[in-house]
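One structure below.
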Amino acid sequence: MEVILEFLFELILEGSVELSTNHKVPKPLRILAVIILLIVYCGLILIVGTIMMECWQAGNMVSFAIVTVIGLGIILMLAYAARKKYKLFRERKEEIVRK
């Protein structure tokens, strides 16, 4: 069961990433893919934030610091990946316009 859920989750995320940058896909479908990605990643950040607050309220500062570093790492990696995809998207768009 775990393998099936992992496969479906990976399929949804990878598919959404690819759909959101493909010009051959209709624009409403690309927008839906971006919304799915935003919901998943915002949910992940919300879960990490909740864990951070629980550690803070429990007074466990070591755990709070570790979870904070993990949360910031996730945010930075997402920002880096989004920027990289955006640059690739812009390059492809300019290439299409030149033709």
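Quick notes on this one:
- Cβ-Cβ under 8 Å pairs, at least 6 apart or on other chains, region 1-19 side within 20 Å of residue 35 (Cα to Cα) and among the aliphatic types (A, V, I, L, M), far side at pLDDT below 80 and open to solvent by less than 100 Å² (accessible area, probe 1.4 Å): 17/85
- Scanning region 54-77 for residues that are closer than 21 Å to residue 40 by Cβ and either in contact (Cβ under 8 Å) with a residue 60 or more places away in the chain or open to solvent by 80 Å² or more (accessible area, probe 1.4 Å) (or both) gives 70, 72, 76, 77.
- When 87, 99, 93 are checked against the criterion of being over 17 Å from residue 17 (Cα atoms), at pLDDT below 85 and not hydrophobic (A, V, I, L, M, F, W, C), 99 stands alone in meeting it.
- Every residue from region 83-92 that is loosely packed, with under 13 Cβ neighbours inside 10 Å and either of a type outside the set (D, E, K, R) or over 22 Å from the mean Cα position of the chain (by Cα) (or both): 86, 88
- Beta carbons closer than 6 Å, at least 6 apart along the sequence or on distinct chains, pair a first residue in region 22-42 that is without any contact (Cβ under 8 Å) to a residue 60 or more places away in the chain and among the hydroxyl-bearing types (Ser, Thr, Tyr) with a second that is assigned to a helix (DSSP H, G or I) and open to solvent by less than 80 Å² (accessible area, probe 1.4 Å) for 41/78.
- Some residue of region 9-21 being in contact with a Gly (Cβ under 6 Å, 6 or more places away or on another chain) and farther than 22 Å from residue 89 by Cβ: no
The values are calculated or read from the model by the stated rules, or taken from the named source; none is laboratory data. In this text the structure is predicted, and so the values were computed from the model without any measurement. Every residue, glycine as well, gets a Cβ built from its backbone with ideal geometry; the counts of neighbours run over all protein chains shown. Heavy atoms of the whole protein, side chains included, go into the accessibility calculation; ligands, DNA and RNA do not. Shrake-Rupley method; radii C 1.70, N 1.55, O 1.52, S 1.80 Å.
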